[in-house]
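Q: Quick one: structure below, then a few questions.
Nothing in this text is a laboratory measurement; each read-out follows from the coordinates by a stated rule. This structure is a prediction, so every number in the text was calculated from the model and none was measured. No Cβ is skipped: glycine too gets one built from the backbone with ideal geometry, and neighbour counts run over all protein chains shown.
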Amino acid sequence: MAILIHNTKGNRKEKLQPLEDNHVKMYVCGVTVYDYCHIGHARSALIFDLIFRYLRHRGYRVTFVRNFTDIDDKIIKRAQEQGTSCEELSRRFIKMFQEDMTALGIEPPTLEPLATEHITEMIALIKQLIDQGLAYEAGGDVYYRVQHFAGYGELSGRSLEDMQAGARVAINDNKEHLMDFVLWKAGKSGEPSWKSPWGAGRPGWHLECSAMSKKYLGETFDIHGGGKDLIFPHHENEIAQSEGVSGKSFANIWIHHGFVTVKDEKMSKSLGNFLTIREALARYSVEALRLFIFSIHYRNPLDYSEAAMADAETSLTRLYTALATIAGLPTAGDPGVRSQINNRDREKLEKLEERFHQAMDIDFNSALALGRIFDAVKIINKLRQVLPFTPAPQDLNLLRSAAAKIQELAGIFGLLTENPALYLQNRKEKMLARLDIEPAVIEKLIASRQAARQNQDWAEADRIRDQLTSQHIAIKDGPEGTTWEVLREH
């Protein structure tokens, strides 16, 4: 089955058809490095990490470029506030960013270029735009003539007239048109600058991605991505710059993800409602954060809350519990036992990978793909309640192969990477540490309940169960005996 991707340009799903056979070239706008990253940045990084992983899982070779913006007004302002250089500030936060990505389990892109290392390419691009009449110099600045690019506004679905009517742009007498955007900024005292034909200065923000994507991926490539906030003006301006010079399509498919919100308001540093990646990982496991982010389709908003994260932790535990249950089965089945798995359940487990691909192949629908995994886990849990402790060999083999496939497919999401039994034990100890009850006391109460059940003293057995529940301990009776776990934190 072909992979269909929702293309922002045209607002429709399109078949992925790489320009080079079996080789996908993808460029994603990276962070501006002046502060710690929040979980909105984590969502962006994780989404494109998933796309990177999944395309390779489907057999494609992928060249993935994600840049760093290491010169920008925000960087200059923050460096001045901290009494340091822009270079020192940006290098420090690049290091922090890479530490965050490692903590999130994100695989490094193929290339991570820095804007300041590509000034020569940016100046060359500006020269070409000026030569073609698409840019002009005014007072040491260089601007792009938006009226001279016929396709301006196609990505965002806006007309130049509508943009101008709704613009909140400071009046600039040097501009020929209100919506013209800067390609080169004249240098100011105390700010970093580079030599250019128009005097000392620095590049505009939009220019860097056009220059770097062309250098590493060519004039036309397969996928360009970023957050929805980049559609206009950043990506619109990239198209104008790149296609204005080449006369060719810039990127064939545009992928834009939704925001992380807090009570339906976009998470951002300017609003002060953000949670850094480091703060999130101090509270929750990395796999819970991944599961939370992938539980919603990438184009939809994702509302962060502590309750949602707690649900993700619980769901993750459910997955690990199913794997641990299968791992605890006997090494060999009982040939004297008949198969107890009906054809419908057997087919769903056997075709899990196919059903997973069907979900992911339609615009990387992670929520639906995860749903397919949870469907398989639901079947496994149901079967363990009805199958004998030593199942028929064919049933045992199916359960084991299904568990292995679950772990393999979840690995594309960066989930279920730990030993199931060890994960559950560590989680139990972590949660138990918050309660005022010792494991030995729990085991003693369970033994007393078992004795009451054997004596058919159901009232006493229920009383002990209720006592444990009131202390946030849940007990479960099964073929292997009685087990217990700590209920989700209250």
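Q: Taking Cα atoms, how many degrees apart are the long axis of helix 86-103 and the longest axis of the chain, rounded to 10 and kept between 0 and 90?
A: 20 degrees
Q: Across every pair of different alpha-carbon atoms, what Kirkwood hydrodynamic radius in Å does the stretch 305-424 reach?
A: 15.0 Å
Q: Helix 119-131: angle to the longest alpha-carbon principal axis of the chain, degrees 0 to 90, nearest 10?
A: Value to nearest ten degrees: 50.
Q: I'm a student and want to see the number: the projected area of the Cα convex hull of the chain, averaged over all directions, in nm².
A: Mean projected area for the chain: 28.1 nm², to one decimal.
Q: Give me the distance between the Cα centres of the stretch 358-401 and the stretch 67-107, rounded to whole Å.
A: So the separation of the two Cα centres works out to 43 Å.
Q: Can you compute log10 of I(q)/I(0) for the stretch 1-74 with the Debye formula, treating each Cα as one identical point scatterer, at q = 0.25 Å⁻¹?
A: Debye output, listed in q order: -1.24.
Q: If you project the alpha carbons of the stretch 7-283 onto their three principal axes, what span does each projection cover, largest first, in Å?
A: The Cα atoms of the stretch 7-283 stretch 50, 49, 36 Å along their principal axes.
Q: Taking every DSSP beta bridge that has both residues in the chain, what percent is antiparallel when rounded to the nearest 5?
A: Bridges in the chain that DSSP calls antiparallel: roughly 55 percent.
Q: Relative to the first principal axis of the alpha-carbon coordinates of the chain, what is the inclination of helix 205-217, with its axis defined by its Cα atoms, in degrees from 0 to 90 and to the nearest 10?
A: Here the helix axis deviates by roughly 70 degrees.
Q: Using just the helices of the chain, give the 222 nm mean residue ellipticity in deg cm²/dmol: DSSP H runs with n ≥ 4 each add -39,500 (n - 2.57), and the total is spread over all residues, rounded to 500.
A: Roughly -15000 deg cm²/dmol at 222 nm, from the helical runs in the chain.
Q: While we're here: Beta carbons within 10 angstrom, averaged per residue: use that to sort the peptides 410-417, 200-207, highest first.
A: Taking the mean over residues of other Cβ atoms within 10 Å, the ranking is 200-207, 410-417.
Q: What are the lysines whose alpha-carbon lies under 24 Å from the alpha-carbon of K77, with same-chain residues fewer than 8 places away excluded?
A: Result set, ordered by chain and number: K95, K185, K188, K195, K266, K269.
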